[in-house]
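Note sheet for the following structure.
Coordinate-derived values only; no laboratory data. Please read these numbers as outputs of a predicted model, since none were measured by experiment. Cβ atoms come from the backbone with ideal geometry, glycine included; neighbour counts cover every protein chain shown.
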Amino acid sequence: MKEDSINSGRVQKAPESFLTPSGIKAVFAEGKKGRRDFIRNAFAAAAAGAAAPMAMAQGNPVPAEGGDPNILNLPEHATGLGQGVAVEGYGKPSKFEANLQRRQSPGLTQTTQASVSFAPLQSLFGIVTPSGLHFERHHQGWWDIDPSKHRFMINGMVKKNMVFTMDEIMRLPSVSRFHFIECGANTATEWGNVAVPTVQYTHGMLSCSEFTGVPLITLLELAGADLKNGKFVLAEGGDGSSMTRTIPMSLITSGEVIVAYGQNGEMLRPENGYPLRLVVPGVQGVSWVKYLRRVEVGDKPYAAKDEAIHYVDLQPDGTHRQYTNIQEVKSVVTTPSGGQVLLDKGFYNITGLAWSGKGKIKRVDVSTDGGRNWRQARLETPVLSKALTRFNLDWVWDGKPAIIQSRAQDETGHVQPTYQQLRSVRGTRSIYHNNAIQSWLVQENGEVKNVQVS
Ligand SMILES: Nc1nc2c(c(=O)[nH]1)N[C@H]1C(S)=C(S)[C@@H](COP(=O)(O)O)O[C@H]1N2
Ligand SMILES: [Mo]
């Protein structure tokens, strides 16, 4: 495996000019007491150890070589004419960000159509996943379906079977909500032992978007659905995978389930179900049926193939547990994480993501010594129900080996388990619903590795 395909993460390095005492002064001159002092002291400690003066960061004005220090060689971008706007176009990231890609885990699947590409969590900020980096999971390939030909049908226990065009759906009252989607198989490789090197592959079947669409309950009411006896809805996708999933009616009557066409302010991406997908907040990804073409109202679970054979949890006694829909409380540190390198001791911002299919994140604790001591992380706003929550914590690395972990708690009081706790109930041969605490080992040479502590 090529190094750059394993680690598409940013190398964690403080800009060199910050490490000089004058750089620190300039940056923190306006700084208040408290956290900024903590950061300043961390940088000062690192700078004290640095022998030679550091070069100024590239792109800053530098004195002309051998000449008058007051005459500056300005970089071209400060003096020349920049590029013009395109007549029309769709914006792209900087060419310097070309390494930021969703990626397949080499060797994980035999075909690209029944496969996964993982989101590069190690390089993302905040809580929203850019649409072009949203993870992808297909059972039979993806399609770019003509929205003018797409139809959405409602049948089963309804007064009137109905068929909607996209235009008809988009005329109805809409909602826009931020929610995470996590494949039930996220972190599946780690059940027995560590298996993959980076957070992209351990946790990258996870994304968070603002979804826009019509609450499914609105559409069911239009069709006169029997909401008393109709306890379940079957959702069916329009691709060749025959993706059908049973959705409990209680999730729908709460208004949470959305028939969505929008993602982060524009139409869904084809890979994510364009032009229509089901959004089932808090529930595992497989129920978020893409290319949604039909829902049927029924009075019992459908036991479809993806409920009877797949997406079941193997228990230690050999039985399978079905219909474990909810993605329970979970978190992961995204920096520092496996494959990244800390180039020097000193200050680092530990950052990560926490989420729960049961509601809001209430608190995240972080340990840097393998779970012996914990400190409470800062939750950044917004903290939304069934969405990713960003957490941050100040840390000074003393250059010694450190094991970094995060442990989330949600508003229902559920706390993320250790591997030991999870395995004592679930065994080691399961696939789905691994929400154990993740550990990253920072080695003395700064390299960060995926490890498990017992
Ligand atoms: N029609 C259809 N819907 C589908 C799937 C599929 O293969 N076909 N895969 C499911 C699975 S297992 C997951 S995890 C999510 C992935 O959604 P994404 O590709 O937008 O990340 O879609 C779900 N919905
Ligand atoms: Mo999935």
query = In whole percent, what relative contact order does segment 330-451 give with Cα contacts below 8 Å and a gap of six or more residues?
reply = 34
query = Any idea what the dipole of segment 330-451 comes to, in debye rounded to 20, about its Cα centre with Lys/Arg Cβ at +1 and Asp/Glu Cβ at -1?
reply = 580
request  = Rounded to the nearest 10 degrees, what's the angle between the helix 35-49 long axis and the longest principal axis of the chain, both from Cα atoms, 0 to 90?
outcome  = 50
ask   = Relative to the Cα centre, what is the charge dipole magnitude of segment 89-180, using +1 at the beta carbon of each Lys and Arg, -1 at the beta carbon of each Asp and Glu, and rounding to the nearest 20 debye?
value = 180
Spin-label model distance (nm) - Thr165 vs Thr112, 7 Å beyond Cα toward Cβ = 3.5
remark   = Once amide hydrogens are built 1.01 Å from N within the peptide plane, the residues lying 5 or more places from Ser439 or on another chain with amide H under 5 Å from its amide H are Val451
query = By the scheme Lys and Arg +1, Asp and Glu -1, what is the net charge of all other residues having a beta-carbon under 13 Å from that of Gln315?
reply = +2
ask   = Dipole magnitude of segment 109-321 about its Cα centre, charges +1 at Lys/Arg Cβ and -1 at Asp/Glu Cβ only, in debye to the nearest 20?
value = 460
key: Calculated from backbone phi, Karplus (6.51, -1.76, 1.60) coupling profile of segment 312-327 in Hz, x at Gly/Pro   = 10, 9, 5, 8, x, 7, x, 7, 10, 9, 9, 6, 8, 7, 6, 7
note = Other residues with Cβ under 11 Å from the Cβ of Asp410 give, with Lys and Arg +1 and Asp and Glu -1, a net charge of +4
request  = Would you kindly derive the ³J(HN,Hα) couplings of segment 100-117 from the backbone phi angles with the Karplus curve 6.51 cos²θ - 1.76 cosθ + 1.60 (θ = phi - 60°), listing them in order in whole Hz, with x for Gly and Pro?
outcome  = 7, 9, 7, 9, 7, 7, x, x, 6, 10, 8, 10, 7, 7, 10, 8, 9, 10
query = Picking from Ile217, His139, Gly89, whose Cα lies most toward the positive end of the charge dipole for the chain (charges on Cβ: Lys, Arg +1; Asp, Glu -1)?
reply = Ile217
Helical mean residue ellipticity (222 nm; -39500 (n - 2.57) per DSSP H run of 4+; nearest 500) of the chain = -3500 deg cm²/dmol
key: Potential extension, Thr79-Asn373 segment - 0.36 nm per residue separation minus Cα distance   = 100.6 nm
Protection proxy ranking, peptides 157-169, 195-207, average beta carbon neighbours within 10 Å, highest first = 195-207, 157-169
task = Whole Å is fine, so just give me how far the alpha carbon centre of segment 310-352 lies from that of segment 81-160.
result = 22
note = Neighbours of Asp394 by Cβ distance under 12 Å: Lys/Arg at +1, Asp/Glu at -1, summed charge +4
